[in-house]
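Student: I have a structure I would like to understand better, so I am pasting it below and will then ask my questions one at a time.
The values are calculated or read from the model by the stated rules, or taken from the named source; none is laboratory data. All values derive from a computational prediction rather than experimental measurement. Every residue, glycine among them, receives a Cβ derived from its backbone with ideal geometry; neighbour counts consider all protein chains shown.
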Amino acid sequence: MQTSADGTFLRANRTFCNWLGLEPHSLIGRRRFQDLLTMGGRIFHQTHWAPLLQMQGSISEVKLEVMHADGSVVPMVFNAIRRLQQGSVVHNLAAFIARDRDKYERELILSRKSLQVLVAEAGRLQADAKDRALFAEQMIGIVSHDLRNPMSSIQMGAHLLVQSDPSSAQQQILTRMQRAADRANRLIADLLDFTQARVGNGLTIAPAEIDLHDATAEMVDELSAVYPARVLVHERVGEGTCRADASRLEQLVGNLVSNAMVYGAPAEPVTVTSKVSADSFMVAVHNSGPTIPLAAQAGLFLPMARGANATSSGRSIGLGLFIVSEIAKAHGGSALVKSALDEGTTFSVVIPRA
């Protein structure tokens, strides 16, 4: 096909005319190339086709939609070249049907739109999940905080009853009440720490100069009374001075020892080691018993993670090791676990002295 500089047809290929349901004589000298295009194609012809053809002399592989005589649209790909012929500018055009290409492009656009919808929906679901998780964590903190007052009343009442010269049977019941209240208070403290770690900016600490060995020994003595049927050993390594939050370290030791008592071999001792070296200090708790699979070790310090070797009565809600890890992080340290068949299981927290 050939057109003049303004697009008027000078020659029209029979095949091209058949594609559009037209006769050559209805085009030659009567219609312009751009008149056959859809509205979008006409705009493209005016803003891109004509300027580019004039500046660079040719255009390659441009897909345009051409109007058929029956009003339907025929997708075509055009190539054009600008030539000087007998002193006049003419445009030579070549075209081929592009139905497959047009179908592919439309499917690609639909797929892209579908993907955008899916991404938007996934983002909405993720935001909803975060909102629900935040709300649940905040509710845990609120409920835990409100439980402190009634638990304190129960503890105070039990303490007063102990001083009123109870009978032997009453003394046993009061002792059980006190232990249950102590356990509930520890659980409430864990829940409050969990909320602070997840919703707030992490656990708060108040570091001071302490003797690590003395602080650990005091906690071991208290835990020996809590677990009278078990053997609890304390080992000291190095001089004891370090800078840390003593109450948080006592909480850390309590959680690790409780974990060892639940999952360790009942007939074997649990060893607590406090160690201070030149650049760091460490608290470690070792127990014998079933080993922890390597695949499970990475998730032990996540919240709500619990082992599979404890009885139902010995299991907690799974916050102890998570809080141990958060206490270590608050001190700039890290919590580690090592478990082997011949060596048993050791949970340790290493904190730099700097």
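Student: Just to be sure, is residue 27 out of contact with any Phe, Trp or Tyr (no Cβ under 6 Å at 6 or more places or on another chain), surrounded by 19 or more Cβ atoms within 10 Å (Cβ to Cβ), touching a residue at least 12 places away in the same chain (Cβ under 8 Å) and assigned by TED's automatic domain parsing to the domain that holds residue 82?
Tutor: Answer is no for this residue.
Student: Shifting gears a bit: Find all pairs meeting these conditions: Cβ atoms under 6 angstrom apart; at least six residues apart or on different chains; first residue within the range 85-100 and assigned by TED's automatic domain parsing to the domain that holds residue 32 and closer than 19 Å to residue 58 by Cα; second residue among the basic types (Lys, Arg) and surrounded by 16 or more Cβ atoms within 10 Å (Cβ to Cβ).
Tutor: Final answer for the pair search is 91/82.
Student: Which of the following residues is surrounded by fewer than 20 Cβ atoms within 10 Å (Cβ to Cβ) and within 21 Å of residue 331 (Cβ to Cβ): 206, 225?
Tutor: 206
Student: A follow-up question, please. How many residues are aliphatic (A, V, I, L, M) and either within 15 Å of residue 93 (Cβ to Cβ) or touching a Phe, Trp or Tyr at 6+ places or on another chain (Cβ under 9 Å) (or both) when one looks only at the range 31-47?
Tutor: From the range 31-47, those aliphatic (A, V, I, L, M) are 36-37, 39, 43; that's our starting set.
Restricting the remaining residues to those that are either within 15 Å of residue 93 (Cβ to Cβ) or touching a Phe, Trp or Tyr at 6+ places or on another chain (Cβ under 9 Å) (or both) gives 36-37.
Looking only at that region, the number is 2.
Student: Moving on to the next point. Within the bounds of the range 48-58, is there any residue that is part of a strand (DSSP E or B) and closer than 25 Å to residue 11 by Cα?
Tutor: Yes, there is a match, as at least one residue in the range 48-58 is part of a strand (DSSP E or B) and closer than 25 Å to residue 11 by Cα.
Student: Looking only at the range 94-135, which residues are modelled with pLDDT of 80 or more, surrounded by 12 or more Cβ atoms within 10 Å (Cβ to Cβ) and out of contact with any helix residue (DSSP H, G or I) (no Cβ under 7 Å at 6 or more places or on another chain)?
Tutor: Across the range 94-135, the qualifying residues are 94, 96, 98.
Student: Of the numbered conditions (1) surrounded by 14 or more Cβ atoms within 10 Å (Cβ to Cβ); (2) out of contact with any helix residue (DSSP H, G or I) (no Cβ under 8 Å at 6 or more places or on another chain); (3) closer than 17 Å to residue 2 by Cβ, residue 58 fails exactly one; give the number of that condition.
Tutor: Among (1) surrounded by 14 or more Cβ atoms within 10 Å (Cβ to Cβ); (2) out of contact with any helix residue (DSSP H, G or I) (no Cβ under 8 Å at 6 or more places or on another chain); (3) closer than 17 Å to residue 2 by Cβ, the lone unmet condition for residue 58 is (1).
Student: If you don't mind, another one. Can you name every residue in the range 1-24 that is without any contact (Cβ under 8 Å) to a residue 12 or more places away in the chain and outside any helix (DSSP H, G or I)?
Tutor: The one that is without any contact (Cβ under 8 Å) to a residue 12 or more places away in the chain and outside any helix (DSSP H, G or I): 23.
Student: Being assigned to a loop (DSSP other than H, G, I, E, B), assigned by TED's automatic domain parsing to the domain that holds residue 323 and touching a residue at least 12 places away in the same chain (Cβ under 8 Å): is that true of residue 248 here? Lay out the reasoning, then the answer.
Tutor: Details: assigned to a loop (DSSP other than H, G, I, E, B): no; assigned by TED's automatic domain parsing to the domain that holds residue 323: yes; touching a residue at least 12 places away in the same chain (Cβ under 8 Å): yes.
Criteria not met by residue 248.
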